[in-house]
Amino acid sequence: MGATDPDESVNTWSVRSIVATMFPILIALSILEMGSGYVLEELEATYLANPTLLVLVPVMIGMGGNLGAILSSRLSTRLHLGLLEFDPRDEVLWTNVLAILGLAATIFTALGIVAWLVGQFIAEPMALVDLMVISVVSGMVLAGLAIVLSVLATYVSYKQGLDPDDTTIPVVTNVCDILGVIVLSGVAIVVLN
Amino acid sequence: MAARQDAWRIYRESLPILVVSLAGGVFAGSVLGSEGMTAGFERFPGLLLLLPAFLATRGNVYGALGARISSGLHQGMIDPEFSWDRRLVNAVAASFINGIGISVFIAVLSWGLLQVLSRESARLIELVGIMLVSGVLTSFTLIFGMLALVFASYEYGLDPDNLIGPIVTTLGDIFGVVFLFVAITVVGVIF
C-alpha cells in the first residue's frame, strides 16, 4: 500500500484493483471458515439445547485473534527495533507471553461469569461450574494456540524477509477465528458429557 | 523482576480494549442465544454452518477499508471528511462489493456444501435472501460508522491504526448479529 508514485497510487485505489486483491482472499477464508461452521452445524443439537453456549461463540471467534494480534504486533515492533531474539531464554519474549496469558485468564474468567448471568435471562440456565470450566479451559487453550502461532508466524515472516506487520497479523487472527469455535465445541462436548 | 513489571504494564495497557471487545462479543452472543435466533437456526438449517464465515469476514472487509483509509490519511492522499473524493469513493464502493458479494457467496457455498453432504438445508433463495439483507445492512452501517470513527480519531490526533482492529471486531460482532436477526425475521415473513 506504500505507493508514492502518483499514477501507481491512483491505480491501487481503483475499485477493480481493490476488489481483485481482496475478493480471492475473502473466498479462501470463507471456505476455511466452513470448517468451524461445520463443527457448529454438527453440534447443532447441543448448542440449541444449551443456548448459553451460543453466548460464548462470538467472543471465542474474536478473542484468540485479538490476543494474537496484540502479541504479534508487539513482537514485530521489537524485532524491527532489534530488541528481540528468537531464543527460548529471551526475556522480552517471555514477558510478552506472560502478559498474554494473564489477559486471557482475566477475560475468559469474566466471560464465564457474564455468560452465566446472561443465561439466567435468555434461556435454559447452565451450571456456573460447567460454564466457567468451558470458558476458561477453551480460552486458555486458544490463548496457547494464539501464542504459538504468533511466535511462529513472526519468526517465519522475519526469516523470509517479509514485513511481519503485513503478514503475521492477518494470518494469526484468521487462524484463531477458525480455531475458536472448534476448541470451544471440543471442550463443551467433553464437559457436558 | 523488571520482566514481571513489564508484563504487568502490557497487561494494564491492553486490558481496556479487550474488555470493550468482550462486551461487544457478549452482546452479540446474547442475541445469538435469544429465543428468536435459535428458532431461526432451527427453521433455516445451514445458518449455523455459515455463521462463523459471516462473522469473520466482516473484520477482513472493513478492517482492510480502515487500514487503507488510515494509510491514505497518513500519506495525505485523502482528507478526513466525507466527500466525493475519487479515492474515497472507490474504496467505499469496493468495500460494498466485497462485503455484499462475499455474504452472497457464503450463502451459496453453505447451501452447496449441505447438498453435497445430503444434509437437511434451507432453500437456496432463503439463505441468499438472509445473507443479502444482513450483508447490505452491515455494509452500510460498518462502512459509514468506520469512516466516521477513523476521521474523528484522526482529527483528535489519535492514530487510527491503533483503533481499527478493535473497532471493527466490536462493531462487526454487534451489528453483524443484530442485522442477521433482522434478516432472519424479514425472510421468515416473506417466505
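Side notes on the structure shown:
- Of the criteria (1) touching a helix residue (DSSP H, G or I) at 6+ places or on another chain (Cβ under 9 Å); (2) in a helix (DSSP H, G or I), which one A:L83 fails: (2)
- Condition check for A:Q120 on (1) loosely packed, with under 15 Cβ neighbours inside 10 Å; (2) over 30 Å from A:L192 (Cβ atoms): one failure, at (2).
- Answer from A:L103, A:L79 - the residue that is over 27 Å from B:L114 (Cβ atoms) and more than 9 Å from chain B (Cβ to nearest Cβ): A:L79
- Condition met for B:F41 (over 27 Å from A:I169 (Cα atoms), facing another protein chain (nearest Cβ under 7 Å) and of a type outside the set (V, I, T)): yes
- One residue alone among A:V183, A:V190 is crowded, with 19+ Cβ neighbours inside 10 Å, in a helix (DSSP H, G or I) and on the phi < 0 side of the Ramachandran plot, and that residue is A:V183.
- Of note, B:A28 does not satisfy the criterion of being in a helix (DSSP H, G or I), out of contact with any strand residue (DSSP E or B) (no Cβ under 8 Å at 6 or more places or on another chain) and more than 7 Å from every other protein chain (Cβ to nearest Cβ).
- Test for A:V136: is it over 16 Å from the mean Cα position of the chain (by Cα), part of a helix (DSSP H, G or I) and surrounded by fewer than 22 Cβ atoms within 10 Å (Cβ to Cβ): no
- Of the residues B:S21, B:S103, B:S71, the single one that is more than 7 Å from chain A (Cβ to nearest Cβ), assigned to a helix (DSSP H, G or I) and of a type in the set (S, T, Y) is B:S103.
- Exactly one residue out of A:T173, A:T154 is of a type in the set (V, I, T), under 10 Å from the mean Cα position of the chain (by Cα) and buried (at least 24 other Cβ atoms within 10 Å of the Cβ): that is A:T173.
Computed from the coordinates by the stated procedures, all read-outs in this text should not be read as laboratory data. None of the values given here were measured: they were computed from a predicted structure. A quick note on method: Cβ atoms are made from the backbone with ideal geometry, for glycine too, and the neighbour counts reach across all protein chains shown.
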